[in-house]
Amino acid sequence: MTALHTDWRAVPQAARGVILALGNFDGVHRGHAHLLRALHAARPDRALGVLTFEPHPRELFRPDDAPFRLTLSGERRDALHALGVAHVFEIPFDRAFSELPAERFVADVLAGGIGAVHLACGADFAYGHRRGGDVRTLATQAEALGIGLTVVPALADAGGPFSSTRIRRALLDGYPERATEELGRPWAVRGAVCHGDKRGRLLGFPTANIRLGRHLEPARGVYAVTVRLPDGALRSGVANIGRRPTVADTLESRLEVNLFDFDGDLYGQELSVSLHTLLRAERKFDGLDALKAQIALDAAWARDYLRDR
């Protein structure tokens, strides 16, 4: 399993001397995979590491923004593990760290704290207080410290560079298939199952309820999904993301997923729910009977879609 390090001042000796990719890595998409491949090719003799931040800097500087994260810490770490990353250095990003001058970030964190021997980043990488450092200053500082640097051109297709922003737009527009293409895997929400109002059970479709929290809220509606259980088993299902206008119409959106052919207690357990396709938009029905009939249709559509994959 990929090792997680959250204190750059106390990195174990076994984790020092890595090659290190720099960035937020929100989503861990195909562009990030391209960056990691280029870094590995530059120094294949060293363990592959990633330096990222938690929370995302935007969450610190723009706290009133709507949640926008594609991946939180656990999902991001698993995605990086799948790409061969041995060490994730997840730097706590607070006000004090944001004021660290660019030259100290390189000297104290990258060189002194982590002991990186080679770095990789995109051409637009910026760092340090008020983004005072860029790839030119990074190259100068790294060379002075005996650290190699590879600046990797962005991976692009006909639509432009792969980016977290592009993936967010695809999800907001209701196209998880596009997100899958750009991530290299389906987009997933990971979270603990919480207690709901038990209305799904009364309708004959019990659901596991997960708060979106800091995750991006994609287009509201009903999705065909697969669910990874805590033991690693995969289950097919159908999920609603939204405010449940027929029964509640609350201000908080949540994810409610019905796992097909499953009967078990999932409260408090962490699930990863992958979105495959949007079956229909969220809408209000004329009573519970109409809602129940539509849920049955949704489940049938989801089963058919997932069976054909």
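Filtering the range 26-45 to residues that are out of contact with any helix residue (DSSP H, G or I) (no Cβ under 9 Å at 6 or more places or on another chain) and charged (D, E, K, R) leaves Arg37, Arg43, Asp45.
Just a yes or no: is a residue in the range 130-137 buried (at least 20 other Cβ atoms within 10 Å of the Cβ) and either among the aliphatic types (A, V, I, L, M) or at pLDDT 95 or above (or both)?
Yes, that holds for at least one residue.
The rows are residues; the columns are (1) of a type in the set (Gly, Ala, Ser); (2) in contact with a helix residue (DSSP H, G or I) (Cβ under 9 Å, 6 or more places away or on another chain); (3) in contact (Cβ under 8 Å) with a residue 24 or more places away in the chain.
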site: His118; (1), (2), (3): no, yes, yes
site: Ala123; (1), (2), (3): yes, yes, yes
site: Tyr127; (1), (2), (3): no, yes, yes
site: Gly132; (1), (2), (3): yes, yes, yes
site: Ala139; (1), (2), (3): yes, no, no
site: Val151; (1), (2), (3): no, yes, yes
site: Arg166; (1), (2), (3): no, yes, no
site: Pro176; (1), (2), (3): no, yes, yes
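With respect to the stated conditions, Leu271 fails to be out of contact with any Phe, Trp or Tyr (no Cβ under 6 Å at 6 or more places or on another chain) and not in a strand (DSSP E or B). Screening the candidates Val11, Val50, Val18 for the property of being in contact with a helix residue (DSSP H, G or I) (Cβ under 7 Å, 6 or more places away or on another chain) and within 23 Å of Val151 (Cβ to Cβ) yields one hit, Val50. Right, Leu4: under 21 Å from Asp157 (Cβ atoms), in contact with a helix residue (DSSP H, G or I) (Cβ under 7 Å, 6 or more places away or on another chain) and of a type outside the set (D, E, K, R) or not? No, not satisfied. Is it true that Glu217 is assigned by TED's automatic domain parsing to the domain that holds Asp263 and among the charged types (D, E, K, R)? For Glu217, the condition - assigned by TED's automatic domain parsing to the domain that holds Asp263 and among the charged types (D, E, K, R) - is met.
Quick test for you: out of Ala3, Ala47, Ala38, Ala86, pick the one residue that is in contact (Cβ under 8 Å) with a residue 24 or more places away in the chain, touching a His at 6+ places or on another chain (Cβ under 6 Å), among the hydrophobic types (A, V, I, L, M, F, W, C) and under 22 Å from Leu110 (Cβ atoms). Among Ala3, Ala47, Ala38, Ala86, only Ala3 is in contact (Cβ under 8 Å) with a residue 24 or more places away in the chain, touching a His at 6+ places or on another chain (Cβ under 6 Å), among the hydrophobic types (A, V, I, L, M, F, W, C) and under 22 Å from Leu110 (Cβ atoms). Candidates are the residues of the range 50-76 that are out of contact with any His (no Cβ under 8 Å at 6 or more places or on another chain) and among the charged types (D, E, K, R); the one that is surrounded by the most Cβ atoms within 10 Å (Cβ to Cβ) is Arg76. The listed residues are Ala123, Ala116, Ala47, and the only one of them that is farther than 20 Å from Ser163 by Cα and surrounded by fewer than 20 Cβ atoms within 10 Å (Cβ to Cβ) turns out to be Ala47.
Please enumerate the residues belonging to the range 274-289 that are farther than 19 Å from Arg220 by Cα and either touching a Ser or Thr at 6+ places or on another chain (Cβ under 6 Å) or part of a helix (DSSP H, G or I) (or both). Across the range 274-289, the qualifying residues are Leu288, Asp289.
From the list Ala293, Ala239, the one residue that fits, being crowded, with 16+ Cβ neighbours inside 10 Å, free of Cβ contacts under 8 Å to residues at least 40 places away in the same chain and among the small types (Gly, Ala, Ser), is Ala239.
Exactly one residue out of Asp64, Asp26 is more than 23 Å from Ala188 (Cα to Cα) and part of a loop (DSSP other than H, G, I, E, B), and it is Asp64.
The values are calculated or read from the model by the stated rules, or taken from the named source; none is laboratory data. Remember, predicted model here, so these are calculated numbers, not experimental data. Methodologically, a virtual Cβ is constructed for each residue, glycine included, from the backbone with ideal geometry; neighbour enumeration extends over all protein chains shown.
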